[in-house]
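The values are calculated or read from the model by the stated rules, or taken from the named source; none is laboratory data. Predicted model, so just to flag it, every value in this text is computed and none were measured. For neighbour counting, all protein chains shown are included, and Cβ atoms are generated from backbone atoms with ideal geometry for every residue, glycine included. Note: areas computed on protein heavy atoms with side chains; ligands, DNA, RNA excluded. Shrake-Rupley method; radii C 1.70, N 1.55, O 1.52, S 1.80 Å.
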Amino acid sequence: MTRTALITGAGIAGEVAAWWLARFGWRCTVIERSSELRTQGQNIDVRGAAREVLRRMPSGGFDGRTPARTVDDEVGDRSTGEVGTRFVDGDDTPLAEFPAGESDTDGATAEREILRGQLAELLFERTRGDVDHRFGLTVLRCEEAPDGLDVTFSDGSSERFDVLLVAEGVGSTTRRRVFGDTAERRALGLTMGYYSVARAPEDDDWWNWYNAPDGRSVTTRPDNVGRTRVTLSFRSDDRHDELSRDEQKLMLRDRFAGAGWRTERLLAGLDVADDLYLEDLGQIVSPTWSSGRVALLGDAAWCATPVSGMGTSLAIVGGYVLAGELAAHVHHRDGFAGYERILRPYVEQAQKLPPGTPQVVHPRSAIGLGVLRTALRVAGSAPVKAVSGGLISPPADKIDLPDYAHLIPVDGNSAR
Ligand SMILES: Cc1cc2nc3c(=O)[nH]c(=O)nc-3n(C[C@H](O)[C@H](O)[C@H](O)COP(=O)(O)OP(=O)(O)OC[C@H]3O[C@@H](n4cnc5c(N)ncnc54)[C@H](O)[C@@H]3O)c2cc1C
C-alpha cells in the first residue's frame, strides 16, 4: 500500500520533505496557505550537512545512477555573488573584513548564498512533477482514526492521510491547533526588516554591515538580479510583525531617521519597496515534535532565527531526516522517534547563539558602539582572524547524516 503524507507549507522544509518522500515512493500532498508560492526573502546560506543533502538530490528525474548535476549545483548557479562580510563605520571606512568561506561551513558568508525566493522556486520546480501542490488552502481540523488521520481543509473538503507534517514556519497555526501552547517562544529582543532597493554605484559585492547608535544596524548585500538587499535591525522587546505593511514602513523610517552612513538613500527606497518582510526574532522551543500522526518540521518546530545563520540549513536537513526516518520504519511512531533522536542535538547546537547575541553587535550606547568597533578592528586583524572566523561559523556539519539511498525503490519511480 502506498503511504501518504500531507505537508502544510510550501517553504524550504516542506518541499525538501516532499521531494524525499516522493523518492521513497510515498504519495505527497503539499498545501500552502498563500495563493501562490512565496518567493520573497533575502540572502540565505546553505551550509554543512544541508549541502550534502542537496548533493544527494539529482536535478533531473531520479534514475538511480550518480547524477551529473545536483540541486546543490543548481543553488551554486544562482549564487548572489557575495564575496564576504565587511563591517564599516559611518564614513564607509572598513573596520574588518571576513571573506566568504571556501568550505561548506566557514564564515558569516557561506560558499552557497542564494536568495530565499530562488531556493523556494528551485525546490518547487524539482518536486512539482511528483507532488500534488494545492495553494490557498489550510488545515481546519484533523482527527486521528485507527488507520489514518482525517483532515478537513479550509475549503470544506476532507481527506485521509497516514501522516501530517507541519512545515508552516515560525507562526504556525496548525502547531497551535494540535500541540496547544506547549511550544515556548524565546524572544531575542531584535526586530529585522528586509527589502530590496535599486543598486547604486556605491553598492558592491560585500555584505556591508554598519552599526548605528541606539541598538540599530543597517546592512546591504548583493543579489543576482541587479538589486541591493537591505536589512534594518533594531533592538526592541515590542511586537511589530502584526502591524500593517504601511505601518511597518513608517515605524522603520522613524526608527532609522538620522542613523548615518547610506541610510537616507535606503529609507527612500523603503518608501517604494513592495517586498518588505519584517520579523520580531524569537526562537521556538518545543518539548516534542510529534503527537500521534502529526509532526512538526522546520521553523514551526525549532525556529533558530536568522541570527543563527542556520534556519535554512536546518530546514533542509530536517526535511531529509524526517522523510528518511518515516520511510525507514513501518510505523510512523518509530519514524518520528528516529527523526527527533537524530535531529534534536543538531537543532539544539544551532539554537545556542554565541554569547551576547544579538545584543553585543547592536550596542545601545555610544561607548558600547566604540567598544564594538575596536573589537571588530582587532577581530579583523590578521593574527586573530582565524579565531574570529571560527566564532561566526555556525555548527552546520555537527550531525552524522544518515544515508537513506537503500530506501529508494529500485526502479526509481515515485508513487505518482
Ligand atoms: C516570505 C518569506 C521570506 C523570508 N525571508 C527570509 C530572509 O530574508 N532571511 C531569512 O533568514 N529567513 C527568511 N525567511 C525564513 C526562512 O525561510 C526560514 O527560516 C527557513 O528557511 C526555514 O524554512 P521553513 O520551511 O521552516 O519555513 P518558511 O520558509 O517560513 O515556510 C513556511 C511556509 O508555510 C506557509 N504557511 C504558513 N502557515 C500555513 C498554514 N497554516 N497552512 C499552509 N501553509 C502555511 C507559509 O506561507 C510559507 O510558505 C522567510 C520566510 C518567508 C515565508
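Assorted remarks:
- Looking across region 346-385, the residues that are open to solvent by 70 Å² or more (accessible area, probe 1.4 Å) and within 28 Å of residue 282 (Cβ to Cβ) come down to 348, 352, 355, 359, 360, 364, 371.
- Once region 172-200 is narrowed to residues that are without any contact (Cβ under 8 Å) to a residue 60 or more places away in the chain and open to solvent by less than 70 Å² (accessible area, probe 1.4 Å), the residue that is nearest to the ligand (Cβ to nearest atom) is 173.
- Filter pass, residue 359 being in a helix (DSSP H, G or I) and away from the ligand (no atom under 16 Å from the Cβ): no
- Some residue of region 325-332 being modelled with pLDDT of 90 or more, assigned to a helix (DSSP H, G or I), open to solvent by 60 Å² or more (accessible area, probe 1.4 Å) and more than 25 Å from residue 87 (Cβ to Cβ): no
- Search result, residues across region 345-356 that are more than 16 Å from the ligand (Cβ to nearest atom) and part of a helix (DSSP H, G or I): 345, 348, 349
- Selected residue (criterion: nearest to the ligand (Cβ to nearest atom)) from residues of region 139-170 that are surrounded by fewer than 16 Cβ atoms within 10 Å (Cβ to Cβ) and part of a loop (DSSP other than H, G, I, E, B): 154
- Every condition in (1) more than 30 Å from residue 23 (Cα to Cα); (2) among the β-branched types (Val, Ile, Thr); (3) touching a residue at least 12 places away in the same chain (Cβ under 8 Å) is met by residue 93 except one, and the failing one is (3).
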